[in-house]
Amino acid sequence: IKPVSGLNTKEIKIVPENPKICSGDSVDLEATQGCGPFVWSPNLGLNTTSGNHVIASPSQTTTYTVTSTGICPKTANVTVEVIPKPVANAGADQTKCSNVFQMNANIPALGENGHWEIISGSVTPATSTNPQEKFVLNSVTAVLKWVVENSICTTSDTVTLTNATPANFKLNFS
């Protein structure tokens, strides 16, 4: 018996091997070895259940099985780990007759990091990792972004700071 030319009798290999995605994201899964046709299961979060390439968008960590249904039946599994996105709540927009603003962003959970980014305007300090930072507004308005990230996912939320003090406002002391 001679092997048929071009027949791939290798075990099925799936790439990526250990995919991790953020909640709500997707990953391309591909059977790169083995002989098809291929069938994927369960269909939870898959764009299709056949072929060597699928897009998986599971809502929770899911193990997918791909089976070759051709003349060389083989099976392989891949687990798509779904990492929850961090919560990035920068707090409400603030308008007041002052240039000092107390921030009230959410505190990052264990294993997460947060930092402020200046989108527009000018504030002091220019950088901070304190969700409760007290910023001094050096312009009339500023837009800040609170960025929270874990090992895989990054989310953000913006807050607008406005100093409503009239431009011609002067204090007289006696």
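The test for being hydroxyl-bearing (Ser, Thr, Tyr), within 30 Å of ASP157 (Cα to Cα) and open to solvent by less than 80 Å² (accessible area, probe 1.4 Å) holds for SER23.
Which fully enclosed strands (runs of 3 or more DSSP E) of region 80-127 have 1 or more residues being small (Gly, Ala, Ser) and within 30 Å of ALA56 (Cα to Cα)? So that I can check it myself, show each step before the final result.
Numbers: elements: 94-96, 100-102, 113-120.
Result: 113-120.
Can you name the residue in region 56-71 that is of a type outside the set (Val, Ile, Thr) and part of a strand (DSSP E or B) and, of all such residues, is nearest to the chain's Cα centre (by Cα)? Quick ask: steps written out before the conclusion?
Going through region 56-71, the residues of a type outside the set (Val, Ile, Thr) turn out to be 56-60, 64, 68, 70.
Those left that are additionally part of a strand (DSSP E or B): 56, 64, 68.
Numbers: ALA56: 16, TYR64: 22, SER68: 33 Å.
So the residue we want is ALA56.
Does region 128-158 hold any residues that are of a type in the set (S, T, N, Q) and part of a strand (DSSP E or B), and which are they? I'd like the intermediate steps shown before the answer.
Step one: of region 128-158, the residues of a type in the set (S, T, N, Q) are 128-130, 132, 138-139, 141, 150-151, 154-156, 158.
Matches in region 128-158: SER128, THR141, THR154, THR155, SER156, THR158.
Screening ALA126, ALA109, ALA105 for residues that are within 27 Å of the chain's Cα centre (by Cα), open to solvent by less than 50 Å² (accessible area, probe 1.4 Å) and among the small types (Gly, Ala, Ser) leaves exactly one candidate, ALA105.
Considering the conditions (1) within 28 Å of ASP28 (Cα to Cα); (2) surrounded by 14 or more Cβ atoms within 10 Å (Cβ to Cβ); (3) within 18 Å of the chain's Cα centre (by Cα), SER151 is excluded by exactly one of them, (2).
Answer with yes or no whether SER59 is open to solvent by 50 Å² or more (accessible area, probe 1.4 Å), more than 18 Å from PRO16 (Cα to Cα), of a type in the set (Gly, Ala, Ser) and touching a residue at least 12 places away in the same chain (Cβ under 8 Å). Full working, then the answer.
Values: open to solvent by 50 Å² or more (accessible area, probe 1.4 Å): yes; more than 18 Å from PRO16 (Cα to Cα): yes; of a type in the set (Gly, Ala, Ser): yes; touching a residue at least 12 places away in the same chain (Cβ under 8 Å): yes.
It is true that SER59 is open to solvent by 50 Å² or more (accessible area, probe 1.4 Å), more than 18 Å from PRO16 (Cα to Cα), of a type in the set (Gly, Ala, Ser) and touching a residue at least 12 places away in the same chain (Cβ under 8 Å).
Scoring CYS35 on the criteria (1) touching a Ser or Thr at 6+ places or on another chain (Cβ under 6 Å); (2) in a loop (DSSP other than H, G, I, E, B); (3) open to solvent by 60 Å² or more (accessible area, probe 1.4 Å) leaves a single failure, condition (3).
Of all residues in region 69-97, those satisfying the criterion of being farther than 22 Å from GLY111 by Cβ and open to solvent by 30 Å² or more (accessible area, probe 1.4 Å) are THR69, ILE71, PRO73, LYS74, THR75, ASN77, ALA92, ASP93, GLN94, THR95, LYS96, CYS97.
The values are calculated or read from the model by the stated rules, or taken from the named source; none is laboratory data. Bear in mind that the values here come from a model prediction, so they are computed numbers and not experimental data. Don't worry about glycine lacking a Cβ; one is built from the backbone with ideal geometry, like all the others, and counts go over all protein chains shown. Please note that ligands, DNA and RNA were not included when accessible areas were found on the heavy atoms of the full protein model with its side chains. Shrake-Rupley method; radii C 1.70, N 1.55, O 1.52, S 1.80 Å.
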